[in-house]
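Structure first, commentary second.
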Amino acid sequence: MADTWNVMRYDVHPPDFSKIGAADDVELSFAAFSLEHAACGDDVLEVRLGEEALLVWCMACAVMMIFRPGEL
């Protein structure tokens, strides 16, 4: 049986999305991509492109994205 008492006693506050800036949009996009392709496992490749860019490629789904927090 699950220990629901320990789970229920945490004080959780939802995030305030009105304070999210452009850099946070990129972080949320990257998080969404990561969660969407989590089941793909080793088929996801991440490559750093310089100081401010990250290329992410899911070979299983044939999807590629570049995340640049400074250019939004």
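The values are calculated or read from the model by the stated rules, or taken from the named source; none is laboratory data. Note that the structure is predicted; figures quoted are calculated from it, not measured. Note that we place each Cβ from the backbone using ideal geometry, even for glycine, and neighbour counts take in every protein chain shown.
Between a residue in the range 35-46 that is closer than 10 Å to Trp57 by Cα and any residue that is exposed (fewer than 10 other Cβ atoms within 10 Å of the Cβ), which pairs come within a Cβ distance under 9 Å, given they are 6 or more apart or on different chains?
Note: pairs meeting the criteria are Val44/Ala38.
I'd like the full set of residues that are in a strand (DSSP E or B), more than 16 Å from Ala32 (Cα to Cα) and out of contact with any Lys or Arg (no Cβ under 7 Å at 6 or more places or on another chain), limited to the range 48-69. It would help to see each step written out before you state the result.
The first filter runs over the range 48-69 and keeps only residues in a strand (DSSP E or B), leaving 48-49, 53-58, 63-67.
Among the residues that remain, those that are also more than 16 Å from Ala32 (Cα to Cα) are: 48-49, 53.
Within the range 48-69, Arg48, Leu49 qualify.
With part of a helix (DSSP H, G or I), touching a Pro at 6+ places or on another chain (Cβ under 7 Å) and either at pLDDT below 80 or not aromatic (Phe, Trp, Tyr) (or both) as the only criterion, which of Ala23, Ala39 stands out? It would help to see each step written out before you state the result.
On the way: Ala39 fails: touching a Pro at 6+ places or on another chain (Cβ under 7 Å).
Every option except Ala23 fails the conditions.
For the range 1-10, state whether one or more residues are acidic (Asp, Glu) and at pLDDT 90 or above.
Looking through the range 1-10, none of the residues is acidic (Asp, Glu) and at pLDDT 90 or above.
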